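What follows is a single structure, written as structure tokens, with notes after it.
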Amino acid sequence: MPSLTLPTPNKTPGDGTPAGDTNLIIEAINTLNSAVNNLATGPTGPTGNTGPTGPTGATGAASTVTGPTGAKGDQGVTGPTGAQGPIGNTGAASTVTGPRGETGPTGPTGPTGASITGPTGAASTVTGPTGPTGSTGATGPSVTGPTGPTGAASTVTGPTGPTGAASTVTGPTGPTGQAAAQGATGPTGPTGATGAASTVTGPTGPTGAAGAASTVTGPTGPTGAASTVTGPTGAAGATGAAGATGATGSAGSAGATGPTGPTGATGAASTVTGPTGPTGAASTVTGPTGPTGAASTVTGPTGATGATGAAGAASTVTGPTGATGATGATGPTGPQPSLSAATPLINGTASAGTALSASKDDHIHPTDTSRAAVISETTTDYTLASNVLTFNLSNGNVGYIATAPTAAMTFNFTNAPTTNGESITASIFVVQGATGYYPSTVQIAGTGQTIKWAGGAAPTPTSSAGKIDVFSFTLIRRSSAWTVLGSALANF
């Protein structure tokens, strides 16, 4: 290593002025550099151990300038659509007409039906729209064929075909053929096949008014793949002379981070649309329905009304029943009728009644003694008075006489029903003596009646002590008069 030798050996710093001392030091450094440059480069010594890392400097203040936005990544794959949520209750009918949706693509044309000409309907009083004018066909050779015979006049008007474009060339007039009888009208030819679907897209309808801005931020798409293209490397600068390696100083504290530079101007929008990626497979899961935008206040134009399709067959499946509406409030209780203190009535002539009071729930109707018992009869014991029996029908329809009569008897029935159309039957058991007797007279409430005996003759009583004969009488009330039917069962 060369030593630092001053250009003027007899001078040292401090001998002259400061400016002279500075020049003296600069000359010495230049001399040293020249000597170093002329030295042959020795082998590089071993690399010393790396010194300890200095402490991390304090974080600089947050930048107030937004850095440049990175390039937009590729569109991420659409995630599966979530399961459909439950259908909410039907809201109240809207009074605002929503915007009309876009017209869907035209479906494929169905096959042409069989050509069957239906009967001609009544003449229309409304002129239909004129069909489009067809293109003018090529002019055929001007040859006029003979006129066929004229057929019988048709009674059915055929449909009018579309009017062709007016020809601008007048064809030559052929010779007039001989007029002949008009021939019969030939059958209608089959309908031609439907033309191919148009390959020209119709004009797009006007865009509806924009809905209110959404208040829900959509999910951020995935970050695009890292670029595989390395940017160009800048030109290498010239290599400077290697200086002497000084001792490694201690690491200084990190300086404050400088502010981020301003964002560069955005480049002009590209006028070339990139290729559209392939459409992914249709998702089989329905995603959640986004929030409904605010109702549009602008009614979109109404599209043309399509042809009415054929009526579908009546459905055999009953649609779901709508939710039951809330039960209305219970109305106020009406006024309560007053409770009657009168005794309930028994049978009588039917009547709707006029009383405004109601019966108590523990009321009891009186027994109707004018009616015969339904299931069983009560047998009442009677005693003859001078061979006269007074039979009270209110006590039942069966009587029993235990004392033998001594002469022909009289039966007087009391409390018999007097309503026309009613009847009642009474039976009396009579215990006979050694000589038997029968009731030869019947009275109703003391009035004598004619007895119509079964078989047309009065019965023969049993003349044997202790034997029982049964005499039965049916009293029939008709036209305010009585008919009495009598019968007897003897020798019990």
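The values are calculated or read from the model by the stated rules, or taken from the named source; none is laboratory data. Just so it is clear, the structure is predicted and the values come from calculations on it, not from any experiment. Glycine gets a Cβ as well: all are built from the backbone with ideal geometry, and neighbour counts include every protein chain shown. For accessibility, only protein heavy atoms count, side chains too; no ligands or nucleic acids. Shrake-Rupley method; radii C 1.70, N 1.55, O 1.52, S 1.80 Å.
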Worksheet item: Of L339, L356, L389, which has the most accessible area and how do the rest follow, probe 1.4 Å?
Response: L356, L339, L389
Practice prompt. Report the FRET efficiency, 1/(1 + (r/R0)^6), for N37 and T271, where r is their Cβ-Cβ distance and R0 is 56 Å, rounded to 0.05.
Written response: 0.40
Worksheet item: Which distance in Å, rounded to a whole number, links the C-alpha centroids of the stretch 325-339 and the stretch 439-492?
Response: 63 Å
Discussion item. What does the extension gain come out to for N392 and I26, with contour length at 0.36 nm per residue minus their alpha carbon separation?
Written reply: 114.8 nm
Worksheet item: Using a 1.4 Å probe, how large is the accessible area of Y438, given in Å² and rounded to the nearest 10?
Response: 70 Å²
